[in-house]
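The values are calculated or read from the model by the stated rules, or taken from the named source; none is laboratory data. Because the structure is predicted, anything quoted here is derived from the model rather than measured. Here Cβ is always computed from backbone atoms with ideal geometry, including for glycine, and neighbour counts include all displayed protein chains. Surface accessibility is based on the protein's heavy atoms, side chains included, excluding ligands, DNA and RNA. Shrake-Rupley method; radii C 1.70, N 1.55, O 1.52, S 1.80 Å.
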Amino acid sequence: MLRRLRKDNLYERVAEEIKTYIINNNLNPGDRLPPERELAEILGVSRTSIREGIKLLQTFQLVRVRPKEGITVKRLELGPLIEQVSFRLLQDKPKFRELVEARRIIEMDILKLAVERATADDLAAMARSTERMKKKAKRLESYLDEELAFHEAILRAAKNQVLVGFRGVLSEFFKALPELDLDFGDRFELTLEEHLEIYQAICERDQARALRVMERHLARYGGILGRLPEAGGESVLLGGGSSKDIKA
């Protein structure tokens, strides 16, 4: 049931109320929503607010508006939603600490799915990234790009389209690393070893081992944060650095 709304942030509240209406009424793609005038009366807002709310829903590809057809529910497309996630990352400039937290919270569950669902193609992609890491390690070259590729391969192996948006978090995380200009100690050797261990565990469908190694792998960034000056750990923001700029 639709509710009358307060006057603050009306268009956003209109959009939220309509989304709730779609879910509660089990509307399917192609089903019609009440017309604009009726929505304005039910919600107690102007038709301008209704139009702005509908435009917001159109931005997320949730509804479609056509002459003579009115407002209809659209089939959910994840692409626009993922683009919105990436845009917000660039717009809001998340702190490095927040990226570390996001990785540790989300990537462990992604790994669980990857262990169960990885295909031969997924495993091949992981193997290619680790081989490139080995070659660069021998030349003492940065392999941050290959490290990102490895984690992206795990993400794809999870076979969950909703989680694809997490790629933006990974990408921004590795962009942020060069800007910290930190001494990563034994990270160069340990990262390669851990990637190989994680890859082997996924190949063997050994979830416990994969999670154990990934936890150790990600926990090292917690240690890095502990060595940052307080201001640095909290305020290092993402920028335009390239992972090619430093040695891993």
Margin query: Quick check on region 228-246. Is at least one of its residues of a type in the set (V, I, T) and at pLDDT 50 or above?
Written below: no
Checklist line | R64 open to solvent by 70 Å² or more (accessible area, probe 1.4 Å), over 16 Å from the mean Cα position of the chain (by Cα), at pLDDT 90 or above and closer than 30 Å to R167 by Cα | finding: yes
Checklist line | Exclusive hit being without any contact (Cβ under 8 Å) to a residue 24 or more places away in the chain and buried (at least 20 other Cβ atoms within 10 Å of the Cβ), set E98, E146 | finding: E146
Next item on the list: Evaluate the following for R117: is it in contact with a Lys or Arg (Cβ under 8 Å, 6 or more places away or on another chain) and touching a residue at least 24 places away in the same chain (Cβ under 8 Å)?
Entry: yes
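Those residues that are surrounded by 14 or more Cβ atoms within 10 Å (Cβ to Cβ) and not β-branched (V, I, T), I need them from region 118-133; list them, please.
Residues of region 118-133 that are surrounded by 14 or more Cβ atoms within 10 Å (Cβ to Cβ), as a first pass: 118, 122-123, 125-130, 132-133.
Listed by number, the residues that qualify are A118, D122, L123, A125, M126, A127, R128, S129, R132, M133.
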Notebook entry, point to check: How many residues does region 123-143 contain that are in contact (Cβ under 8 Å) with a residue 24 or more places away in the chain, closer than 16 Å to E197 by Cα and of a type outside the set (S, T, Y)?
Noted result: 6
Item checked: Entirely in region 111-216, the helices (runs of 4 or more DSSP H) that have 2 or more residues that are modelled with pLDDT of 95 or more and over 23 Å from R97 (Cα atoms) -> 120-138, 144-157, 187-203
Notebook entry, point to check: Got a sec? Which of I54, I23, I50 is open to solvent by 50 Å² or more (accessible area, probe 1.4 Å) and among the aliphatic types (A, V, I, L, M)?
Noted result: I23
Next item on the list: Considering only region 149-162, state which residues are open to solvent by 10 Å² or more (accessible area, probe 1.4 Å) and among the hydrophobic types (A, V, I, L, M, F, W, C).
Entry: A149, L155, V162
Check: Give me the pairs: first residue in region 57-72 and without any contact (Cβ under 8 Å) to a residue 60 or more places away in the chain, second residue open to solvent by 60 Å² or more (accessible area, probe 1.4 Å) and assigned to a helix (DSSP H, G or I), beta-carbon distance under 8 Å, and six or more apart or on different chains, which are they?
Finding: L57/K19; L62/K19; R64/Q58; V65/Q58
